[in-house]
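A short write-up of the structure that comes next.
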């Protein structure tokens, strides 16, 4: 096998390992040969034209490969994925190899023009777009069928021949990043640009949102503190606080879009063209003709999928919702029992016991959320969506509906059925704080501790093998491949979404919620940063221009919170006292105020432009230039045609 | 001057007049010479490369010119404006001259490949894009300043040197169209494709919407009739009717988007790229650098405009709204007076008198709407918006707010302050029917009659001059140039919008409104068709892919009508009787139902896709192809670069 590597070996002097491919142990020789040949093969022959090198480990395993690429290849790949970079005139443009000289910091010998995460993203893209030509199956594995145009890597992954592909950490860079990010105790912004360079736009945008959201909560928290300290119970103060909160939440969500546009413009993703979406790895079906591409590929009847969704998934979700409500009723029984116990005993212990049901319920909610999460993933995957985006949308919808009900149903019940504001406040506080503690623990500290323990074991094993010098790359790969895989920002956004619910849905009852949210988010930034840098494998950078469906989710939550807060204020005894004669006037007033607030929200969302003026001008400028270029081209053509 | 025409004269055999340019009488010779030279000049020299011919009239006036273009020039122009045509494989593609052979019905000698209205649109586009090079002013008119890049035609228009530009009618085609459209008494669809060919997409889309909306109202009308015939007053029937109406109105607005997508895909405008928007003709400012184009052109400070909007326009609109409410109060005084009179006399005459205030008020409303319309146009024009789209948005917003209040304030007052359902029904009927009659009269019949009288005079004058043969073109131009100018679909959509308000806002009180709306719309189709074919000059075709801001306006109206109908039902004595003990329960139930309906509306709007599946697939296919083409190109480039 070594012979066929000659073409790579000549380039080995400037081979920089970027991505690790781990094949299953005992993968057949012919498969490896075929796969590596396809990777290094010329583009013209349908290859990826990348560099690949086996990792020579101490025990002679040959199932790990390092992938790299020549500088030129990466630049062409950057053009292929539509990377947008800054030009010398400070405008952002899609990178093309022919216009490379006009880009800032470009020099033919400057290997740092593309960041390492960009290079890794390019390699991932090229590997995923390595497609079968006339192979009917993966050599050596007759059951792994191929058809022209099928992504080879995806087939290898679904058949378990390919265990994983992941990008390598850059230890130097990571150390620097860690230092500026959370290494020093300081108050200030996160180094978002550096995070973006290292982890890519999706993750940087999450941290940007987390930071922005924390700052945005501070005014709410500051205004909320005196309500707690002075135990204000005046209705007008509550009304003011709630009104402020509702308008504020609209403003922050609108302003976020603008900030997001500024950031993603600077990063180039705002201008990036959407790529054509290929079927997701798990998609299967019978071979047919895709009506869009005209290619032969698996197709799956949309009716079958609809049937699966409406006859299985929807009933299942409803059942889960019912179960969640059932658990809630058990919680209320427990609550009643604790109250009775306290009434009987009136001891210090029984007072503490009052909090126990809420804490237990909070833990149960977290567990149910996590179990449901797996069920939702299984179901959505079974629905067999063709596109990753459609899969994600169905998954997010399922998870959001359940989590919303699971977390907030008891609070709604307490507020609008039991009318017990004291219990609501207590329940809200317990749920919020418990879930925050659980999350911080389950998300970062536990994996971190596991990781530490594992590393220690690894190190011991390494040392026992007496191989400690010059093996740093092998060591690095070996340790990184054992790290957990970061599954994307879904859970992190979900956590923020639920937190936003706790803060805004019942804000006028418990103004202190914002304070806890701020405190949690400050530590969350640190623990998430730790998680990214220390616990997980480096994730592939994923270019993105916005936070996607989460924007909509947060906006929906903010609309719902207008309704709940208006009702809460309407129910407060202080407001009731204002309308001693007629409950009707009270309700009509509340309804009027609610509609007014909703109308103001919509007008505000409509009036505040989604992009700041300077970004709008820059985008218009780019559009104008491309139209002008097109016109020039057509004019030239026209002049030629008319001359004939 | 005649000498310079040689280049045109040679082509005169196939000169087909398409567009008429009318210059002011007494325009200086040098100006005419310069302008016509710029029009016929080669593209390479900055001209429009069109053909132009003076119209020789009986009294020797030389201020009217006919513009045409060679077939090749029109094809190149079609590429320039981004026209989308059907290909031989039934897909829709942007026309390019180099790929002309792949288009359906294309042949080098087929002059009908482009419809006449498309040719006229191309010529208009080319004329408007005829730009000043180094001229500092229009020759002969030192006060008419020019700067490089300024549209010459727009400057000539704003300086009154150019009186008008309009496309010629095609008498043969028009006759055919008239026949299929409204010439025969038949029940069926309008010939929308023919209307589109003759008048362009904007107008065809209006007629398509009018027809669709009429069909969509039929179920409401059918369900509404028995309520009137049997005088049903059961609450459950009203609730059913209102619920049906509210959901139905959401469905029809969503389905319209799909129908619109199907139509505009067939017409090619769905795929047409947006052109870069030039400043609108009326825009003025001091010369500066446009940040988008980098060209020198008039700029106007955005702050100044904001000041004008917020310090003048907004207060003025508020004043108008106040005035409208004041007039409403006078109407209620009149109403009271008529009621008192009836009480006193109880005669047949006094019974009729009861309707008089409403009729007077309806007339006053119409007059106020029209006066306000002029004021709004003046103000919006004075706000000095740079782009036509921004001008239109501000104008539409101003007009919509005022018209909404003006038309519906009295109804809201009767319904929610006076609680007088009988008066509401009577007022609604009077307002609706009166405004429909007035509109039909003012919009079509009056102009038609004026036009007829004018034509008769013209004919008499012509005959008295004894020049009746061989002058048909001169006659046609002369008669058409005197016709009124169609000012766009604004007023037509506004009328439908207000009608939609009358039908949906109080639908549960007056189910018969839909019946009147349907009847009105059937005649409206005929009178609008008559207006387009007989009363006005032919308008330039205007490509468009949707009904724009009107979709939003109709959707907003449908949201408001959920609120009003829920309140109306909640107020009905039948529903009140259901909650004899507690008004509170009643109001809470109504509020709950309202929120549920609103939620269902939003979910429906979200779930129903805006484009039918086959259009989605076709669009995806086109996108895929263009991405593939790009990729192929990049692969080729990459292969070359890697070979080097």
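If we scan the stretch A:143-150, do we find a residue that is touching a strand residue (DSSP E or B) at 6+ places or on another chain (Cβ under 7 Å), surrounded by fewer than 17 Cβ atoms within 10 Å (Cβ to Cβ) and assigned to a loop (DSSP other than H, G, I, E, B)? There is at least one residue in the stretch A:143-150 that is touching a strand residue (DSSP E or B) at 6+ places or on another chain (Cβ under 7 Å), surrounded by fewer than 17 Cβ atoms within 10 Å (Cβ to Cβ) and assigned to a loop (DSSP other than H, G, I, E, B).
Suppose we keep only residues that are more than 11 Å from every other protein chain (Cβ to nearest Cβ) and buried (at least 18 other Cβ atoms within 10 Å of the Cβ) within the stretch A:75-92. Which one would you say is farthest from residue A:39 (Cα to Cα)? So, considering only residues that are more than 11 Å from every other protein chain (Cβ to nearest Cβ) and buried (at least 18 other Cβ atoms within 10 Å of the Cβ), the one farthest from residue A:39 (Cα to Cα) is A:92. Evaluated against (1) closer than 30 Å to residue B:583 by Cα; (2) within 10 Å of chain B (Cβ to nearest Cβ), residue A:613 falls short on exactly one condition, (1). Condition first: touching a strand residue (DSSP E or B) at 6+ places or on another chain (Cβ under 7 Å), within 20 Å of residue A:266 (Cα to Cα) and not assigned by the TED database to the domain that holds residue A:623. Can you find one or more residues in the stretch A:59-82 that meet it? Yes, the stretch A:59-82 contains at least one residue that is touching a strand residue (DSSP E or B) at 6+ places or on another chain (Cβ under 7 Å), within 20 Å of residue A:266 (Cα to Cα) and not assigned by the TED database to the domain that holds residue A:623. Within the stretch B:309-331, can one find any residue that is in contact (Cβ under 8 Å) with a residue 24 or more places away in the chain, under 30 Å from residue B:164 (Cα atoms) and within 14 Å of chain A (Cβ to nearest Cβ)? No - not one qualifying residue is present in the stretch B:309-331.
The requirement of being outside the structural domain of residue B:112 (by the TED database), under 30 Å from residue B:270 (Cα atoms), buried (at least 18 other Cβ atoms within 10 Å of the Cβ) and in contact (Cβ under 8 Å) with a residue 12 or more places away in the chain is not satisfied by residue B:241. Just give me the residues in the stretch A:584-602 being more than 11 Å from chain B (Cβ to nearest Cβ), surrounded by fewer than 16 Cβ atoms within 10 Å (Cβ to Cβ) and within 18 Å of residue A:554 (Cα to Cα), in sequence order. Matches in the stretch A:584-602: A:600 only. If you check residue A:114 against the conditions, is it away from chain B (no Cβ under 14 Å), within 25 Å of residue A:274 (Cβ to Cβ) and in a loop (DSSP other than H, G, I, E, B)? Criteria met by residue A:114.
Among the conditions (1) outside the structural domain of residue B:518 (by the TED database); (2) more than 22 Å from the chain's Cα centre (by Cα); (3) surrounded by 19 or more Cβ atoms within 10 Å (Cβ to Cβ), residue B:423 misses just one, which is (1). Can you find even one residue in the stretch B:616-628 that is modelled with pLDDT under 80, surrounded by 14 or more Cβ atoms within 10 Å (Cβ to Cβ) and at the interface with another protein chain (Cβ under 10 Å from one of its Cβ atoms)? For the stretch B:616-628, residues modelled with pLDDT under 80, surrounded by 14 or more Cβ atoms within 10 Å (Cβ to Cβ) and at the interface with another protein chain (Cβ under 10 Å from one of its Cβ atoms): present. Among the conditions (1) modelled with pLDDT of 90 or more; (2) farther than 27 Å from residue A:393 by Cβ; (3) within 13 Å of chain A (Cβ to nearest Cβ), the only one that residue B:557 does not satisfy is (3).
With respect to residue A:294, is the statement that it is touching a strand residue (DSSP E or B) at 6+ places or on another chain (Cβ under 9 Å) and at pLDDT below 90 true? Answer is no for this residue. In the stretch A:101-115, of all residues being at pLDDT 85 or above and touching a helix residue (DSSP H, G or I) at 6+ places or on another chain (Cβ under 7 Å), the one that is surrounded by the most Cβ atoms within 10 Å (Cβ to Cβ) corresponds to A:114.
Scanning the stretch B:574-583 for residues that are touching a residue at least 24 places away in the same chain (Cβ under 8 Å) and at the interface with chain A (Cβ under 8 Å from one of its Cβ atoms) returns no hits. Being at pLDDT 90 or above and more than 14 Å from every other protein chain (Cβ to nearest Cβ) is not true of residue A:40.
For the stretch A:50-69, the count of residues that are buried (at least 16 other Cβ atoms within 10 Å of the Cβ), at pLDDT below 85 and over 31 Å from the mean Cα position of the chain (by Cα) is nonzero. When residue A:367 is tested against (1) under 24 Å from residue A:307 (Cα atoms); (2) in the same structural domain as residue A:306 (by the TED database), exactly one condition is not met: (1).
I need the full set of residues from the stretch B:276-298 which are within 14 Å of chain A (Cβ to nearest Cβ) and under 19 Å from the mean Cα position of the chain (by Cα), in order please. B:277 - this is the single residue of the stretch B:276-298 that is within 14 Å of chain A (Cβ to nearest Cβ) and under 19 Å from the mean Cα position of the chain (by Cα). Is there a residue in the stretch A:633-642 that is part of a helix (DSSP H, G or I), more than 9 Å from chain B (Cβ to nearest Cβ) and surrounded by 15 or more Cβ atoms within 10 Å (Cβ to Cβ)? No, that holds for no residue. Scan the stretch B:260-306 for residues that are farther than 22 Å from residue B:392 by Cα and surrounded by fewer than 16 Cβ atoms within 10 Å (Cβ to Cβ) and the total you get is 10.
Here is a yes/no grid of residues against (1) in contact (Cβ under 8 Å) with a residue 40 or more places away in the chain; (2) out of contact with any helix residue (DSSP H, G or I) (no Cβ under 6 Å at 6 or more places or on another chain); (3) within 23 Å of residue A:227 (Cα to Cα):
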| residue | (1), (2), (3) |
| --- | --- |
| A:495 | yes, no, no |
| A:499 | yes, no, yes |
| A:508 | yes, no, yes |
| A:539 | yes, yes, no |
| A:546 | yes, no, no |
| A:550 | yes, no, no |
| A:572 | yes, no, yes |
| A:596 | no, yes, no |
| A:609 | yes, yes, no |
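Scanning the stretch A:151-172 for residues that are out of contact with any helix residue (DSSP H, G or I) (no Cβ under 9 Å at 6 or more places or on another chain) and surrounded by 20 or more Cβ atoms within 10 Å (Cβ to Cβ) yields a count of 1.
For the stretch A:521-548, enumerate the residues that are in a helix (DSSP H, G or I) and within 24 Å of residue A:562 (Cα to Cα). Listed by number, the list holds a single entry, A:521. When B:366, B:335, B:343 are checked against the criterion of being without any contact (Cβ under 8 Å) to a residue 12 or more places away in the chain, away from chain A (no Cβ under 14 Å), under 30 Å from residue B:419 (Cα atoms) and part of a helix (DSSP H, G or I), a single residue qualifies: B:343. Residues that are in a helix (DSSP H, G or I) and surrounded by 19 or more Cβ atoms within 10 Å (Cβ to Cβ) were ranked within the stretch B:479-493; the one that is modelled with the lowest pLDDT is B:492. State whether the residues of the stretch A:538-547 include one that is surrounded by 16 or more Cβ atoms within 10 Å (Cβ to Cβ) and within 14 Å of chain B (Cβ to nearest Cβ). No, the stretch A:538-547 has no match at all. Look at (1) within 11 Å of chain B (Cβ to nearest Cβ); (2) in contact with a helix residue (DSSP H, G or I) (Cβ under 9 Å, 6 or more places away or on another chain); (3) modelled with pLDDT of 80 or more and you find that residue A:565 fails only one, number (1).
The values are calculated or read from the model by the stated rules, or taken from the named source; none is laboratory data. Note that the coordinates shown come from a computational prediction; the quantities given were computed from them, not determined experimentally. Cβ atoms come from the backbone with ideal geometry, glycine included; neighbour counts cover every protein chain shown.
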